[in-house]
Amino acid sequence: MDHIFGTFATDSLKVTHHRLSHRGVQHGGIIDPLDPQPGQAVCVRVRVGAETGIDQGAVYFTTDGSLPSGNRGRAHHGDVVRLERIGQEWDSLLWSYIAIWEGMIPPQSDDTTVRYIVSGWAEGEPEVFADYPDVQRGIEQAAAAHFAGRSLDEVPPYGDPLAAKVFSYRVDSIRTPDWARDSVIYHVFVDRFHPGKGKEWLQTADLNGFVGGTLWGVRDQLDYIADLGATALWLSPTWVAPSHHGYDVADYQQTAPRYGGDEALRAVIRAAHERGLRVILDLVCNHISNENPVFLEAQANADSPKRGWFTFDDSDVGYRSFFGVKSMPQVNLDHPGARTWMIDTARYWMHEFDVDGYRLDYANGPSLDFWTDFRAAVHAERSDAFIFGEVVDAPSAIRGYVGHLDGCLDFFTSETLRRAYGWKSITAAEADRLLSQHLRYVPHDFLMPTFLDNHDMDRFLLVSGGDKDALRRAAAAQMRLPAPPVIYYGTEVGLSQRQSVKGVGLHLSREPMLWGDAQDRELLADYQRLIRARRSG
């Protein structure tokens with residue numbers, strides 16, 4: 001079956017995630033309602049594991065954007081509401097009871113940021129703050145071990161139970177723009193799409209190397225994308241980076257010269273807008289390249305004001321990084337300076353280059369509190385922006401991003417469509433029932449773009465054994481769903497990949513785009529027909 005890169009890549013990682021998320025004091029940012037409106041009280045729910053005995057709890061909160069603080073039910077800065085135990089749940093996987101606590105934050109007016117921390121304590125015991133243990137860090141360590149060929153029988157409880165994690169939500173009138181709701185998104189991996197300006201590929205044998213696609217090549221093929229029926233263009237990261245994929249940004253202030261630099265990006269955006277195409281950039285907030293001058297300064301100087309922008313530790317790498325990869329240090333976006341830097345980066349490219357939105361790489365790395373500020377700032381810069389996250393997580397966790405992002409990529413739907421039409425391990429009717437339940441689970445205004453394949457998984461045609469009729473059926477099912485469909489470059493003309501081999505890497509699905517007679521024109525015509533039917537109603 002499918003291998004999808006992330007913290008849920010295997011059944012054992014799913015079990016590890018479950019165990020971590022039911023230990024200690026866990027809130028996870030899930031509130032009710034998920035996206036509060038003016039005048040609505042907000043319920044904060046907390047799970048407490050059996051090994052953490054508490055008999056009292058509190059939510060300390062502020063409504064002016066500042067950080068709340070308190071101790072054992074008394075607010076030092078801001079206000080406080082008490083938690084009440086409302087019941088318990090049995091968990092057979094843990095073979096234990098989980099206590100459920102709730103507290104109500106009072107209604108607020110429009111344009112208010114509520115920040116809060118959650119805690120519980122027992123007589124004579126220290127106050128423990130949510131979320132402890134740190135589920136995200138624990139499961140990242142477990143996943144990093146898995147991808148390195150190691151196993152972790154027991155994940156240690158990362159984090160400090162006495163340190164308060166800040167949660168937040170916005171009470172505002174921000175809504176997802178209509179253009180995003182009605183969009184058909186074409187996903188271009190820039191290095192693999194087209195060289196442009198009459199040039200040839202640099203090489204095509206080493207898919208971990210540079211193949212030679214440029215933004216000039218994207219500009220030259222915008223008519224092809226528009227004729228397909230797409231209404232939005234999602235570009236893989238375009239900033240300066242040492243890798244072919246660009247998810248390790250070394251300089252957020254300029255477009256990579258090998259793609260054509262800022263001039264080429266401006267040309268793509270201008271020409272796309274002339275054709276009615278929106279342009280979405282792929283922004284990595286969670287981590288950067290270890291060649292980035294910001295990181296190099298922090299690493300070299302313990303007294304640098306940027307030192308706190310990263311988490312230096314005694315690990316083998318020496319700092320917290322993306323799945324333990326040395327070349328990708330993780331940015332501490334809860335540090336005010338780092339947060340401002342990253343948000344200003346996003347605003348800059350919207351203001352100076354007329355970017356329409358962002359696909360946000362590994363959006364479950366940064367805290368929900370960061371995304372609260374990010375979304376507010378982006379929509380203040382451009383009210384019709386569309387920002388959606390890559391969150392490879394359970395649907396229950398993705399609900400927590402409602403109100404923090406405009407949407408998330410729909411990995412559950414991708415898996416379901418691939419199981420039904422690619423692997424043929426479930427029937428189309430079973431897939432329809434699963435997706436019907438899924439659609440009712442997430443609020444209508446939270447957009448979850450669907451996809452059949454992407455740059456981090458095997459191509460659909462490899463999964464289906466080259467069965468293009470299966471691809472046609474899968475595409476038809478995708479186009480019938482209400483969420484915006486994403487088409488990964490080349491899928492519409494029969495692009496597949498070399499056989500996936502364990503340990504080879506994710507790059508095999510990044511073959512150069514097919515052009516000219518190499519394209520399956522009948523398949524392309526079917527995609528055009530499906531898109532026309534979707535857009536006509």
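Taking the criterion of being out of contact with any Pro (no Cβ under 6 Å at 6 or more places or on another chain), among the aliphatic types (A, V, I, L, M) and buried (at least 19 other Cβ atoms within 10 Å of the Cβ), the residues of segment 35-55 that qualify are Val44, Val46, Val48, Ile54. Looking only at segment 374-388, residues that are under 12 Å from Asp356 (Cβ atoms) and either hydroxyl-bearing (Ser, Thr, Tyr) or open to solvent by 10 Å² or more (accessible area, probe 1.4 Å) (or both) come to 4 in all. Quick check: is even one residue across segment 85-95 buried (at least 18 other Cβ atoms within 10 Å of the Cβ) and assigned to a strand (DSSP E or B)? For segment 85-95, residues buried (at least 18 other Cβ atoms within 10 Å of the Cβ) and assigned to a strand (DSSP E or B): absent.
Would you confirm whether or not segment 466-478 contains a residue that is open to solvent by less than 50 Å² (accessible area, probe 1.4 Å), farther than 21 Å from Ile225 by Cα and either outside any helix (DSSP H, G or I) or touching a Cys at 6+ places or on another chain (Cβ under 6 Å) (or both)? So far as segment 466-478 goes, yes, one or more of its residues are open to solvent by less than 50 Å² (accessible area, probe 1.4 Å), farther than 21 Å from Ile225 by Cα and either outside any helix (DSSP H, G or I) or touching a Cys at 6+ places or on another chain (Cβ under 6 Å) (or both). Has segment 69-76 got any residue that is in a loop (DSSP other than H, G, I, E, B), within 28 Å of the chain's Cα centre (by Cα) and touching a residue at least 40 places away in the same chain (Cβ under 8 Å)? No: zero hits. Of the helices (runs of 4 or more DSSP H) entirely within segment 376-456, those holding at least 3 residues that are touching a Leu at 6+ places or on another chain (Cβ under 9 Å), under 26 Å from Tyr489 (Cβ atoms) and not β-branched (Val, Ile, Thr) occupy 411-417. Scanning segment 184-238 for residues being open to solvent by 10 Å² or more (accessible area, probe 1.4 Å), under 22 Å from the mean Cα position of the chain (by Cα) and among the aromatic types (Phe, Trp, Tyr) gives a total of 0.
Only one of (1) within 21 Å of Tyr186 (Cα to Cα); (2) open to solvent by 30 Å² or more (accessible area, probe 1.4 Å) fails for Val355. Which number is that? Evaluating Val355 over (1) within 21 Å of Tyr186 (Cα to Cα); (2) open to solvent by 30 Å² or more (accessible area, probe 1.4 Å) leaves (2) as the failure. Within the bounds of segment 208-224, is there any residue that is touching a residue at least 12 places away in the same chain (Cβ under 8 Å), of a type in the set (Val, Ile, Thr) and in a loop (DSSP other than H, G, I, E, B)? So far as segment 208-224 goes, yes, one or more of its residues are touching a residue at least 12 places away in the same chain (Cβ under 8 Å), of a type in the set (Val, Ile, Thr) and in a loop (DSSP other than H, G, I, E, B).
Kindly indicate whether any position in segment 144-153 is surrounded by fewer than 19 Cβ atoms within 10 Å (Cβ to Cβ), charged (D, E, K, R) and assigned to a loop (DSSP other than H, G, I, E, B). Scanning segment 144-153, I find at least one residue that is surrounded by fewer than 19 Cβ atoms within 10 Å (Cβ to Cβ), charged (D, E, K, R) and assigned to a loop (DSSP other than H, G, I, E, B), so the answer is yes. Please list, ordered by first then second residue, the pairs with beta carbon atoms under 6 Å, 6 or more apart or interchain, first in segment 164-182 and closer than 17 Å to Gly29 by Cβ and crowded, with 17+ Cβ neighbours inside 10 Å, second aliphatic (A, V, I, L, M) and modelled with pLDDT under 95. Short answer, once both residue conditions are applied: none. Considering the conditions (1) free of Cβ contacts under 8 Å to residues at least 40 places away in the same chain; (2) farther than 25 Å from Leu233 by Cβ; (3) not polar (S, T, N, Q), Val135 is excluded by exactly one of them, (1). Candidates are the residues of segment 101-133 that are in a strand (DSSP E or B), in contact with a Lys or Arg (Cβ under 9 Å, 6 or more places away or on another chain) and small (Gly, Ala, Ser); the one that is farthest from Ile30 (Cα to Cα) is Ser119.
Here Leu495 does not fit the description of being free of Cβ contacts under 8 Å to residues at least 40 places away in the same chain and either under 24 Å from the mean Cα position of the chain (by Cα) or in a helix (DSSP H, G or I) (or both).
Scanning segment 282-306 for residues that are open to solvent by 70 Å² or more (accessible area, probe 1.4 Å) and either assigned to a helix (DSSP H, G or I) or in contact (Cβ under 8 Å) with a residue 60 or more places away in the chain (or both) yields a total of 5.
Selection of segment 52-68 for residues being within 32 Å of the chain's Cα centre (by Cα) and either on the phi > 0 side of the Ramachandran plot or not in a strand (DSSP E or B) (or both) yields Thr52, Thr63, Asp64, Gly65, Ser66, Leu67, Pro68. Taking the listed residues Arg47, Arg23, the one that is at pLDDT 95 or above, of a type in the set (D, E, K, R) and under 23 Å from Val391 (Cβ atoms) is Arg47, with no other qualifying. Does segment 242-254 hold any residues that are closer than 15 Å to Trp349 by Cβ and either surrounded by fewer than 23 Cβ atoms within 10 Å (Cβ to Cβ) or small (Gly, Ala, Ser) (or both), and which are they? Of everything in segment 242-254, those that are closer than 15 Å to Trp349 by Cβ and either surrounded by fewer than 23 Cβ atoms within 10 Å (Cβ to Cβ) or small (Gly, Ala, Ser) (or both) turn out to be Gly246, Asp251, Tyr252, Gln253, Gln254. When the residues of segment 294-343 are filtered to those that are among the small types (Gly, Ala, Ser) and modelled with pLDDT under 95, the one that is nearest to Asp361 (Cα to Cα) is Gly324. Arg375 fulfils the conditions (1) touching a Phe, Trp or Tyr at 6+ places or on another chain (Cβ under 6 Å); (2) closer than 25 Å to Val114 by Cα; (3) among the basic types (Lys, Arg) except for a single criterion, (1).
Contact annotation: residue pairs with Cβ atoms under 7 Å, 6 or more positions apart or on different chains, pairing a residue in segment 36-61 that is of a type in the set (Asp, Glu) with a partner that is surrounded by 20 or more Cβ atoms within 10 Å (Cβ to Cβ), are Glu51/Arg23.
The values are calculated or read from the model by the stated rules, or taken from the named source; none is laboratory data. All values reported here derive from a predicted model rather than from experimental measurement. All Cβ positions, glycine included, derive from the backbone under ideal geometry; neighbour counts span all protein chains shown. Surface accessibility is based on the protein's heavy atoms, side chains included, excluding ligands, DNA and RNA. Shrake-Rupley method; radii C 1.70, N 1.55, O 1.52, S 1.80 Å.
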